[in-house]
Amino acid sequence: MSDAVTAVEPRGGDRGTASLAQSLARDDTAWDDLVANSAQPCYLQTTPWAAIKRVNGWMSRRVITTTANGPVAAQMLVRRPRGAPWSLGYIPRGPVSPRPLDAAALTAFDHQLRAVARAKRIAVVRMEPEAESGRGLEDTLRSLGWRPVHSIQQVTTRIIDIARPQEQIWADLHRKTRQSITKSERLGVRVVVGDGSRLGDFYRIHLDSMTRQGIAARSERTFHEMWRHLEPRGMAHLFFAEIAATSEPVATLFLISSGPRVADLYGGTTHEGNQRRANHLLKWEAIRLSQDRGYREYDLWGLPRDGIAQFKSGFGGREVDYVGGWELTVGRLGPRIMSAAEGLWDRYRRLRGVRRPERSYEDGTIGQR
């Protein structure tokens, strides 16, 4: 169950709707089912992710409202800076809803979020909705009093529809990407599925790739914690590209799934792997195996810079731009602690490997080329 839960009594005294809201607030299974079946099925809104973040001092609070089109709800991470009487809230890839977010959904959620923030002494809330830009929602957020800020999560990604026949997915790959995949096979590379016993192999390759790129990596303990919470739920997936003759791992991927979507988050390639185009074969096999496991979307998770964007574009899919990060100050004291809050966000960005002047990206995408 969430560390702290909040539900709203729906207008009109609808007992069925009230019961649903209470269930979502208190039942972890009901909550994760909502996320999995929503139009925004991102792992960052699941209960296992909240458990992972608890180690770093974040508590979770569910904010739930109900509309004619169903619930609009978010799992908000909450943290109180040392010595501060007010807390900070962070909503990554939320709120979620059975339908794509629209102005009415955001307005209803904003109303409930403000009530929760005032009641629970949350002075600043940062939110990064999984809503596509260019559809007027930026204007809605501004009209509600939110201001655009740097995003913690990546703003642009590519999502591949893997519910289609595999032949169509293959045909959508760029010609040079297909050539690199077949060349990797000719050079003696194979792809295998890993388990928790191989997290050390994963981290060695991942850390080396991140170091070569000059990006701070998460600690190895963090990946073990992720695996501990996610793997029993079938949400963690580990793959390796190996030299077939020696079983030497030369590339790796760590994927996280939620509902119909799998996200390509963390990885790395050795120098030998680069020479053998192992990253191309590995990503293709990860796409293919994800389809075999019943997933319908493969999220390439971020296009942080030109080289990464070019590599990922070779695998097809649709480029998606989200509305990015937005921040709300609540009450008269909110603006007074903005400088302290920004200091906390900056520390969080540094831990995530996010350079403040740039568009945000997930650290795991670096080193996958």
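Across the range 31-44, the qualifying residues are those that are surrounded by fewer than 16 Cβ atoms within 10 Å (Cβ to Cβ) and over 14 Å from ARG233 (Cα atoms), and the one among them that is nearest to the chain's Cα centre (by Cα) is ALA39. Among the strands (runs of 3 or more DSSP E) confined to the range 243-305, the ones with at least 3 residues that are over 16 Å from PRO41 (Cα atoms) are located at 248-258, 261-269.
Note on the range 45-70: residues that are surrounded by fewer than 23 Cβ atoms within 10 Å (Cβ to Cβ) and of a type in the set (A, V, I, L, M, F, W, C) total 6.
Being at pLDDT 95 or above and among the hydrophobic types (A, V, I, L, M, F, W, C) is a property that ALA340 lacks.
Just one of the listed residues (ARG218, ARG228) is in the same structural domain as PRO260 (by TED's automatic domain parsing) and either closer than 18 Å to ALA263 by Cβ or in contact (Cβ under 8 Å) with a residue 60 or more places away in the chain (or both), and it is ARG218. Residues of the range 264-273 that are surrounded by fewer than 24 Cβ atoms within 10 Å (Cβ to Cβ) and more than 20 Å from PRO304 (Cα to Cα): THR270, HIS271, GLU272. Surrounded by 15 or more Cβ atoms within 10 Å (Cβ to Cβ) and under 28 Å from LEU265 (Cβ atoms) - does that describe any residue in the range 112-119? Taking every residue of the range 112-119 in turn, at least one turns out to be surrounded by 15 or more Cβ atoms within 10 Å (Cβ to Cβ) and under 28 Å from LEU265 (Cβ atoms). With respect to (1) closer than 16 Å to HIS280 by Cα; (2) among the acidic types (Asp, Glu); (3) out of contact with any strand residue (DSSP E or B) (no Cβ under 6 Å at 6 or more places or on another chain), the lone exception for GLU225 is condition (1). The helices (runs of 4 or more DSSP H) found entirely in the range 121-229 that carry 1 or more residues being surrounded by fewer than 13 Cβ atoms within 10 Å (Cβ to Cβ), modelled with pLDDT of 95 or more and among the small types (Gly, Ala, Ser) are 137-143, 166-172, 199-213.
Just to be sure before I move on: is GLY89 surrounded by 21 or more Cβ atoms within 10 Å (Cβ to Cβ), small (Gly, Ala, Ser), free of Cβ contacts under 8 Å to residues at least 40 places away in the same chain and touching a helix residue (DSSP H, G or I) at 6+ places or on another chain (Cβ under 9 Å) in the structure I sent? Answer is yes for this residue.
The values are calculated or read from the model by the stated rules, or taken from the named source; none is laboratory data. Remember, it's a predicted structure, so these values are computed and weren't measured experimentally. Methodologically, a virtual Cβ is constructed for each residue, glycine included, from the backbone with ideal geometry; neighbour enumeration extends over all protein chains shown.
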